[in-house]
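Scroll down for the structure; my scribbles are underneath it.
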Amino acid sequence: MARVDSTAESTDEPGWDVDPDDEQGAAIIAMVGQQIRMRREQLGMRAGQLGGAIGYSEDQIYKVESGKRIPKPEFLDGVDQALDAGGLISATKERVAEVRYPKKLRDLAKMESKASELQWYGAHDIHGLLQTEQYMLALFEMRQPAYEEALIKKGVAGRLARQVIFGRCPAPALSFVLEEVALQRPYGGTMVLRGQLERLVELGQLRNVSIQVMPTGREEHAGADGSIEMLKFPDGTAVGRSPGVAGGRPVDEPKHLRILELRYGMIRAQALTPRESLGFIEQRLGET
């Protein structure tokens, strides 16, 4: 019987606690824990025996069964095998993975997963969908007040999980406008910035992805009211948000969406074209 090596990693490392304010996530983990406990008791196996079979302590087994800890994928696979569950416990991995990152990001990921079009302008940053893992980590580590390690890990995991959008079929139309300054600030150091620029060049060559750069020297700029994000759906509906519209809350009313559309259209027209932007990023990469 295969054992899970818990020497280097264990369920007790930071970032695997269940968020008590996340009712949906807590319910999922509680359900999975109950399934494990019921199957174990059905076989007449003690928690310590199950833990010994897969390389975890008795305490860790109890924490997962009681819904206090989020089980890792390899934990679920090990339990499934040890309890001869026929894949039923392993099948919960996808739902458990959703709980691994914050509820707010899960909701955003669900909206993105349904969108046929995304439009985004960032006043000073790079969109999370475009970020490398190292760049994400550098950003989270610079937040003030300082984030706890567990929250940083959840934030990074959430952003990485959202990037499955690039593999969707049919592919959504993704449009991003970045400020030139976002390509210059070396969060995490020069090598992290280089990796981020390389990632932008790679994504910018995808047929469904448009990346544009707004030069700092532009005299006319419709983005004075801050960042803009819009998601459009196949049924013709849309949702958007910007600090300069409705106090920054998400909006779906036509009168607010028209304002966002107008501003974003002007920003795209004022920025470098996608082809020019790709050359600009490549030049910046050569200078870094």
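The values are calculated or read from the model by the stated rules, or taken from the named source; none is laboratory data. Computed from a prediction, not measured in an experiment: that's the story for all the values here. Every residue, glycine among them, receives a Cβ derived from its backbone with ideal geometry; neighbour counts consider all protein chains shown. Ligands, DNA and RNA are stripped out before the accessible areas are found, and what is left, the full protein with its side chains, is counted by its heavy atoms. Shrake-Rupley method; radii C 1.70, N 1.55, O 1.52, S 1.80 Å.
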- Could you list all residues from the range 80-95 that are open to solvent by 70 Å² or more (accessible area, probe 1.4 Å) and hydrophobic (A, V, I, L, M, F, W, C)? Leu88, Ala91
- Scan the range 165-182 for residues that are in contact (Cβ under 8 Å) with a residue 24 or more places away in the chain and assigned to a helix (DSSP H, G or I) and jot them down. Ile165, Phe166, Glu180, Val181, Ala182
- With criteria (1) assigned to a helix (DSSP H, G or I); (2) open to solvent by 60 Å² or more (accessible area, probe 1.4 Å); (3) closer than 21 Å to Leu129 by Cα, Gly195 comes up short on (2)
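Name the single residue that is least open to solvent (accessible area, probe 1.4 Å) among those in the range 47-76 being polar (S, T, N, Q) and more than 28 Å from the chain's Cα centre (by Cα). Steps first, answer last, please.
Applying the first criterion (polar (S, T, N, Q)) to the range 47-76 yields 49, 57, 60, 66.
Filter once more, keeping what is more than 28 Å from the chain's Cα centre (by Cα): 49, 57.
Details: Gln49: 85, Ser57: 50 Å².
Checking each candidate, the answer is Ser57.
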- Just wondering, is there one or more residues in the range 234-244 that are of a type in the set (S, T, N, Q), over 23 Å from Arg143 (Cα atoms) and either open to solvent by 20 Å² or more (accessible area, probe 1.4 Å) or assigned to a helix (DSSP H, G or I) (or both)? yes
- Query: Taking the stated definitions as given, is Asp225 open to solvent by 20 Å² or more (accessible area, probe 1.4 Å) and in contact with a Ser or Thr (Cβ under 8 Å, 6 or more places away or on another chain)?
  - Reply: yes
- Among Ala157, Ala161, Ala173, which is touching a Gly at 6+ places or on another chain (Cβ under 9 Å) and more than 12 Å from Ile126 (Cα to Cα)? Ala157
- From Ala171, Ala182, Ala161, residue being more than 28 Å from Thr273 (Cβ to Cβ) and open to solvent by less than 70 Å² (accessible area, probe 1.4 Å): Ala161
- The condition of being on the phi > 0 side of the Ramachandran plot and surrounded by 12 or more Cβ atoms within 10 Å (Cβ to Cβ) holds, among Gly248, Gly279, only for Gly248
- Message: Any residue that is out of contact with any helix residue (DSSP H, G or I) (no Cβ under 6 Å at 6 or more places or on another chain), in a helix (DSSP H, G or I) and modelled with pLDDT of 90 or more - is there at least one of those in the range 96-113?
- Response: no
- Query: Just to be sure, is Asp84 assigned to a helix (DSSP H, G or I) and more than 18 Å from the chain's Cα centre (by Cα)?
  - Reply: no
- Looking across the range 29-46 at residues that are of a type in the set (D, E, K, R) and in a helix (DSSP H, G or I), the single one that is least open to solvent (accessible area, probe 1.4 Å) is Arg40
- Message: If a residue must be under 16 Å from Gly128 (Cα atoms) and in a loop (DSSP other than H, G, I, E, B), how many such residues does the range 138-164 contain?
- Response: 2
- How do the pairs read when you match residues in the range 30-43 that are under 18 Å from Val99 (Cβ atoms) with residues anywhere that are among the hydroxyl-bearing types (Ser, Thr, Tyr) and in a helix (DSSP H, G or I), using Cβ under 7 Å and keeping only pairs 6 or more apart or on different chains? Val32/Thr92
- Task: Please state which of the following conditions Arg207 fails to meet, knowing it meets all the rest: (1) part of a loop (DSSP other than H, G, I, E, B); (2) crowded, with 16+ Cβ neighbours inside 10 Å.
- Result: (2)
- Checking Ala269 against (1) closer than 19 Å to Ala115 by Cβ; (2) open to solvent by 50 Å² or more (accessible area, probe 1.4 Å); (3) small (Gly, Ala, Ser); (4) assigned to a helix (DSSP H, G or I), which test does it fail? (1)
